[in-house]
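S.K.: This is the structure I want to talk about, given as structure tokens.
The values are calculated or read from the model by the stated rules, or taken from the named source; none is laboratory data. Here the structure is a predicted model, which is why all the values come from computation and not from measurement. Here the Cβ positions follow ideal geometry from the backbone for every residue, glycine too, while neighbour counts run over all protein chains shown. Please note that ligands, DNA and RNA were not included when accessible areas were found on the heavy atoms of the full protein model with its side chains. Shrake-Rupley method; radii C 1.70, N 1.55, O 1.52, S 1.80 Å.
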Amino acid sequence: MTRTTLTVLALVLLAAILRALYLGDKSVWLDEATSILLAQSDPLTAARSDIHALLYYRVLRIWLLLGDSEIAIRSLSVLWSVATVAVVFTIGRRLYGITEGAIAGVLLAVNAFHIAYAQEARSYSQAVFFVTLASLLFARALERPSPGRWAGYAVALLAAVFSHGYAALIVGAHLAALVFLPPGAVPWRSVMGSVGAVALLAVPSLAVAATFGSRGAAWIPPTGARDVYETLRSLAGFADLPLLLAYLLAVSLGLVAAGRTWAVAQASPVSFRYGLPAAWFAVPLIAAYTASSFVPVLPRYLMLVVPAMVLVAAPGLARIRPVALMALAITLITGLALGRVWTYYCCMGKEEWRDAAAAVLSRARDGDAIVFYSPYIQPAFDYYRTRWARAAPAPALEPVLEPAHLPPSNARTWLVVSHDETVEHTGSRRLRDALVARYGSFDEWRFNGVTVFLFPGGRRP
């Protein structure tokens, strides 16, 4: 086998191992349960709920035929994430050389942020894959233009946008990267034809997604300088200070290499090799935080720039001399990154719906009432109740859809609380106080992100 083939296989193996480890250990949380619910819904219902990830839900619907365990539903994201590592290596090798491609592939393979969302049944890994693939096809189409290559670029771009709306930011990055080419070398008709076709198909749905998304994202706090810092930490793999500083140094070295190339070659294909990853990294970040007053921003929405970050850093690291010092620098970053990967494995869980559902279902009786606060958290509980009911009969619980309609006083009542991040948890507190006033005593179980209360039947004496 060739050196390139061996390198790709090694990177894919490393990425697959890190993403498959402990894949089923963490409980399904609310967002993952929502993904399953929308995947099982008809396309119109899914589009009304989350139109900018519609392609992911359609793909997940097919994937669920393989099973709906934690490992099964998350393995789709693992597949996209591992494939992204291979594509990043291909881009790095094409732009710079095999050494730089291998460095970029290793940095992405051990990135804890990328691994975390490879182990989550959400659309982010799929969106990042198509963004990365679109960037590769964009570079190829510019190098050797043909209708087929531009059509492939447009399809990949459209798939990225319908995997997550923020992927549309890559269009601005690609257009900005054209500055690094001589104007006469840019096939503007083909570029604008591809971008225009994607805009024609995607803009109406993105407008709807932005409208409904901003309404449903009131829980996201206003963006400040601290949020920018947290985003950079996330992009670098949930970095602690040493890893963040190492990444900043590596990216700075890459930008210095780009600046030197520009000083010598000016606008040219050589400058474009450095300009494409730099624009891909910078433009989405600047655009997202410039518009953050109108459109909410979370670090995971900007995961699409992680491949660009490692592609910017790779040539800077590759130029360190002597070679032993380069190897030491790469080993240091990789070691620090693997430390953050282990921290993710052991200490960065989300809601423990598996344990919460087990606490309820192991103690519930037929006819018990159950109240969810807020009602939208119920799919996470239902995911486990439905799965376990296939193996053993589950108690027939009566869900109370509106907390105002409390059950009769002779019914045992369960109250399940999660995502009640209001001031002093006032909504759930009022509901709990109403049940205490009715029943008096209660039992309580606390899990990460979920609290379960059991109120016995019978009116308070």
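S.K.: Take the conditions within 27 Å of the chain's Cα centre (by Cα) and either in contact (Cβ under 8 Å) with a residue 24 or more places away in the chain or assigned to a helix (DSSP H, G or I) (or both) and apply them to A197. Does it pass?
M.R.: Yes, satisfied.
S.K.: Restricting to region 27-51, and then to whatever is surrounded by 18 or more Cβ atoms within 10 Å (Cβ to Cβ) and of a type outside the set (A, V, I, L, M, F, W, C), can you tell me which residue is modelled with the lowest pLDDT?
M.R.: Result: D50.
S.K.: For region 57-111, name all the residues that are over 16 Å from T5 (Cβ atoms) and among the polar types (S, T, N, Q).
M.R.: S69, S75, S77, S81, T84, N111
S.K.: Hey, could you check region 101-155 for residues that are outside any helix (DSSP H, G or I) and either in contact with a Pro (Cβ under 6 Å, 6 or more places away or on another chain) or open to solvent by 30 Å² or more (accessible area, probe 1.4 Å) (or both) and say which is farthest from S194 (Cα to Cα)?
M.R.: So, considering only residues that are outside any helix (DSSP H, G or I) and either in contact with a Pro (Cβ under 6 Å, 6 or more places away or on another chain) or open to solvent by 30 Å² or more (accessible area, probe 1.4 Å) (or both), the one farthest from S194 (Cα to Cα) is R122.
S.K.: While we're looking at this one, here's another question. Return the pair list, or none, for Cβ contacts closer than 6 Å from residues in region 292-315 that are more than 22 Å from R93 (Cα to Cα) to residues that are crowded, with 24+ Cβ neighbours inside 10 Å and at pLDDT below 95, at least 6 apart or on different chains.
M.R.: These pairs meet every condition: Y301/Y166.
S.K.: Collect the residues in region 156-193 that are hydroxyl-bearing (S, T, Y) and more than 27 Å from R300 (Cα to Cα), keeping them in residue-number order.
M.R.: The one that is hydroxyl-bearing (S, T, Y) and more than 27 Å from R300 (Cα to Cα): S190.
S.K.: If you go through region 91-100, how many residues are in contact with a Pro (Cβ under 8 Å, 6 or more places away or on another chain) and part of a helix (DSSP H, G or I)?
M.R.: Counting residues in region 91-100 that are in contact with a Pro (Cβ under 8 Å, 6 or more places away or on another chain) and part of a helix (DSSP H, G or I) gives 3.
S.K.: Test each condition in (1) over 27 Å from G184 (Cα atoms); (2) β-branched (V, I, T); (3) open to solvent by 30 Å² or more (accessible area, probe 1.4 Å) for V283 and report the one that comes out false.
M.R.: Result: V283 passes all but (1).
S.K.: Given (1) surrounded by fewer than 19 Cβ atoms within 10 Å (Cβ to Cβ); (2) of a type in the set (K, R); (3) more than 23 Å from D25 (Cα to Cα), identify the lone condition not met by R61.
M.R.: Condition (3) is where R61 drops out.
S.K.: Here is a follow-up. Residue by residue through region 260-280, note down the ones that are more than 22 Å from V128 (Cα to Cα) and open to solvent by less than 40 Å² (accessible area, probe 1.4 Å).
M.R.: Those that are more than 22 Å from V128 (Cα to Cα) and open to solvent by less than 40 Å² (accessible area, probe 1.4 Å): T261, A265, A267, S268, S271.
S.K.: I would also like to ask the following. Return the residues of region 336-349 that are within 27 Å of L38 (Cβ to Cβ) and surrounded by fewer than 17 Cβ atoms within 10 Å (Cβ to Cβ); say none if nothing qualifies.
M.R.: M348, G349, listed by residue number.
S.K.: I want to confirm something. Restricting to region 318-334 and keeping residues that are open to solvent by 40 Å² or more (accessible area, probe 1.4 Å) and in a helix (DSSP H, G or I), which single residue is nearest to L248 (Cα to Cα)?
M.R.: L332
S.K.: Conditions first: (1) in contact with a strand residue (DSSP E or B) (Cβ under 7 Å, 6 or more places away or on another chain); (2) part of a helix (DSSP H, G or I); (3) at pLDDT below 90. A411 passes all but one, so which condition is the exception?
M.R.: It fails just one condition, (2).
S.K.: Please indicate, with yes or no, whether at least one residue in region 298-312 is at pLDDT below 90 and either outside any helix (DSSP H, G or I) or open to solvent by 10 Å² or more (accessible area, probe 1.4 Å) (or both).
M.R.: Looking for residues that are at pLDDT below 90 and either outside any helix (DSSP H, G or I) or open to solvent by 10 Å² or more (accessible area, probe 1.4 Å) (or both), one finds at least one in region 298-312, hence yes.
S.K.: Condition (residue is under 18 Å from the mean Cα position of the chain (by Cα), assigned to a helix (DSSP H, G or I) and surrounded by fewer than 20 Cβ atoms within 10 Å (Cβ to Cβ)) applied to region 17-26: is it met by at least one residue?
M.R.: Yes, region 17-26 has at least one match.
S.K.: While we're looking at this one, here's another question. Mind listing whichever residues of region 315-364 are of a type in the set (D, E, K, R), over 25 Å from the mean Cα position of the chain (by Cα) and under 30 Å from I71 (Cα atoms)?
M.R.: Matches in region 315-364: R363 only.
S.K.: Could you please let me know if L14 is open to solvent by 20 Å² or more (accessible area, probe 1.4 Å), out of contact with any Asp or Glu (no Cβ under 8 Å at 6 or more places or on another chain) and closer than 30 Å to T99 by Cα?
M.R.: yes
S.K.: Contact list please: Cβ distance under 7 Å, first residue in region 39-68 and under 16 Å from A160 (Cβ atoms) and of a type outside the set (G, A, S), second residue outside any helix (DSSP H, G or I) and open to solvent by less than 30 Å² (accessible area, probe 1.4 Å), pairs at least six apart or on different chains.
M.R.: H52/H164; L55/S163; Y56/S123; Y56/S163
S.K.: Filter region 360-380 for residues that are open to solvent by 10 Å² or more (accessible area, probe 1.4 Å) and part of a helix (DSSP H, G or I); which is nearest to E32 (Cα to Cα)?
M.R.: P379
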